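The values are calculated or read from the model by the stated rules, or taken from the named source; none is laboratory data. Fair warning: this is a prediction, and the values are worked out from it, not measured in the lab. For neighbour counting, all protein chains shown are included, and Cβ atoms are generated from backbone atoms with ideal geometry for every residue, glycine included. Accessible surface is based on the protein model in full, side chains and every heavy atom, while ligands, DNA and RNA are left aside. Shrake-Rupley method; radii C 1.70, N 1.55, O 1.52, S 1.80 Å.
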Amino acid sequence: MGAIHRSTTEIKPENLGRRDMHELITAMIMPRPIAWISTVGQDGIFNVAPFSMFANVCLRPPIICLGIGWGRDGRKKDTLGNIEWSEDFVVNIVDETLAEPMNVTGGEYPHEVDEFQVAGLTPMKSKIVKAPFVGESPMNMECILKQIVPFGESPDGGSLIIGEAVLFRLKEDLYINGQIQLSKLKHIGRLGGHLYCRTGDRFEMDFIRIKR
């Protein structure tokens, strides 16, 4: 059993500013998987940006949720605007080899800038959705938008994006005989501040099965 906390610090959300709230939540919920989201706008300009408020919430149908906050300047991020228009997006998985280009695409560029070009990435035509996928990514999920749920107001609020994965794409050597090759995966995770983590240090535990 873990140690019991005999003394605690209690913090009410309304007493924190935007930055302090961000640092608190991201430090308490980690490591977080990175959704490297690629989209296309009505003007045909591609966009790719990383988000770490990301999870799977249902298996059938396979539902993916994604949190997108407002930009630092209080404006809507291009990723959200593109998803509103195209009603789709692609989740690209980030491994160790893609850490640097992923970081490059995290900057807030003008709308007319194609982050694929800035980061030296290859946009590939998706099979079902309008948005391209990142050719260098080892795994991708083509997603159809199901719902956008807004919370709060700019600049502190954000939107919950709910999408359904309609196609999974994996590099051939990662999926053999219907099984993911976990030993070959080199995902990275987001920690707090400027910190990331690798997922190579693993341990195994058997599931607890209760006999009835």
## Note on the structure
Of the conditions (1) in contact with an Asp or Glu (Cβ under 8 Å, 6 or more places away or on another chain); (2) without any contact (Cβ under 8 Å) to a residue 24 or more places away in the chain, the single one that Gly44 does not satisfy is (1)
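Per-residue answers, yes or no, for (1) of a type in the set (Val, Ile, Thr); (2) in contact with a Ser or Thr (Cβ under 8 Å, 6 or more places away or on another chain); (3) open to solvent by 40 Å² or more (accessible area, probe 1.4 Å); (4) free of Cβ contacts under 8 Å to residues at least 12 places away in the same chain:
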position: Phe133; (1), (2), (3), (4): no, yes, no, no
position: Met141; (1), (2), (3), (4): no, no, no, no
position: Gly152; (1), (2), (3), (4): no, no, yes, yes
position: Pro155; (1), (2), (3), (4): no, no, yes, no
position: Phe168; (1), (2), (3), (4): no, no, yes, no
position: Asp173; (1), (2), (3), (4): no, no, yes, yes
### Task
Residues being under 22 Å from Gly152 (Cα atoms), at pLDDT 90 or above and open to solvent by 50 Å² or more (accessible area, probe 1.4 Å): count how many of those fall in region 16-52.
0
### Task
May I ask you to list the residues in region 173-191 that are closer than 12 Å to Met139 by Cβ and either outside any loop (DSSP other than H, G, I, E, B) or not charged (D, E, K, R) (or both)?
Asp173, Leu174, Tyr175, Ile180, Gln181, Lys184, Leu185, His187
### Query
Are there any pairs, at least 6 apart or on different chains, whose C-beta atoms fall under 9 Å, with the first in region 11-22 and aliphatic (A, V, I, L, M) and the second open to solvent by 100 Å² or more (accessible area, probe 1.4 Å), and if so, which?
Met21/Asp156
### Query
Of the residues Ile45, Ile34, which single one is of a type in the set (A, V, I, L, M, F, W, C) and touching a Lys or Arg at 6+ places or on another chain (Cβ under 9 Å)?
Ile34
### Message
Quick check on region 71-87. Is at least one of its residues more than 24 Å from His187 (Cα to Cα) and touching a His at 6+ places or on another chain (Cβ under 9 Å)?
### Response
yes
### Query
Which residue pairs have Cβ atoms closer than 7 Å, lie 6 or more positions apart in sequence or on different chains, and pair a first residue in region 95-115 that is under 15 Å from Thr79 (Cα atoms) with a second residue that is surrounded by fewer than 17 Cβ atoms within 10 Å (Cβ to Cβ) and modelled with pLDDT under 95?
Glu108/Gly71; Glu108/Arg72; Glu115/Tyr109
